[in-house]
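So the structure is just underneath, and the comments pick up after that.
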């Protein structure tokens, strides 16, 4: 028996397109379909689906309102956005991800492109990740301002004892699938007087990272921006790598600046956190607080392993329970280099404890 999928779209043509792709894959049953969010809400109240493929603009109840209603009803469905509005730079995409959608794919501008091999492969790749994603409901409560004490072990994960790092520090975060929502539970809780700059790689296509940065900035005391070529790193600012560009750090006199490179995809992604971490080897920072959050694959692990040979590092890995996809955090956790394995709502506190405030 295959996995159950629900396709929600007001266009009969788009419903048929999505269903045809899903049926031909062989891992899924024939999908159920709905024309709007109201119909879909009734469906999910009576049936459990492995994933929902969801449009944004629909009559009666649109996709964003459907996601809000899921949250209100306490229904933990795994959702993949599929819409023309989930295109370059759209606010709706970030809103959908923050409301609980796991990932997204944009409908091609030309219908003939929807039958192309590349689009079909990407559609099925994202659907597979979404269907396997975990159900997580991160809280947003911060307690004490002291460092959370790490257990000596987390299942089969052995933690490395922490050591005090004296000198200038930087925070470097890597996240992927489920990351935009998770980042909303971390970045807004960082203080504006954080005693370090923050560089962040979130796997997203070109255009989306600017909207993500603007939304996080509007919710945070700390400054958040999409990184630009030549930016000089400042404490109390988060720099998000633009989609489609590898972000690196380079010395400029006594300062550190951001540079971009057009090297090939690595770990299948661009930007790639491995490049970011490795570029920190040649900076003058005394220590790097590395944070690996929810995401598929292993991006970040190789880069941190190479960085650890040259720099003092403090490594925080998000725990399995609060990850949408426990891939990247699992990969780094099993290296034996990790100092803390923490639930999502304790990561900001741990970062602040590690680098301090001004």
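What follows draws every value from the coordinates through simple rules; no lab data is involved. Keep in mind it's a predicted model, so treat the numbers as computed, not measured. Cβ sites come from the backbone with ideal geometry, for glycine too, and all protein chains shown count toward neighbours.
Numbers at a glance
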read-out	value
Debye intensity ratio I(q)/I(0), log10, segment 254-358, q values 0.23 Å⁻¹ (C-alpha model)	-1.32
Value at 222 nm in deg cm²/dmol, rounded to 500, when DSSP H runs of n ≥ 4 in the chain each add -39,500 (n - 2.57)	-8500 deg cm²/dmol
Calculated SAXS-style log₁₀ I(q)/I(0) at q = 0.18, 0.26, 0.28 Å⁻¹ - segment 252-308, Debye, Cα scatterers	-0.66, -1.19, -1.28
Segment 287-358 versus segment 37-70: alpha-carbon centroid distance in Å	34 Å
Pair residue 118, residue 250: separation of 7 Å Cα→Cβ label points (nm)	2.9 nm
Hydrodynamic radius (Kirkwood) for the chain, which is based on Cα pairs only, to one decimal in Å	20.8 Å
Residue of 174, 12, 348 that the Gaussian network model of the chain assigns the largest fluctuation, springs spanning Cα pairs under 10 Å	12
Base-10 log of normalised Debye intensity for segment 153-355 (one unit scatterer per alpha-carbon) at q = 0.12 Å⁻¹	-0.50
Contact order normalised by residue count of the chain, Cα under 8 Å, 6+ apart, percent	16 percent
Globularity index of segment 5-132, i.e. its alpha-carbon radius of gyration over 2.2 N^0.38 Å	0.95
Helix axis angle, 63-73 relative to the chain longest principal axis, alpha carbon, degrees	80 degrees
C-alpha long axis of helix 117-132 to longest principal axis of the chain, angle in °	80 degrees
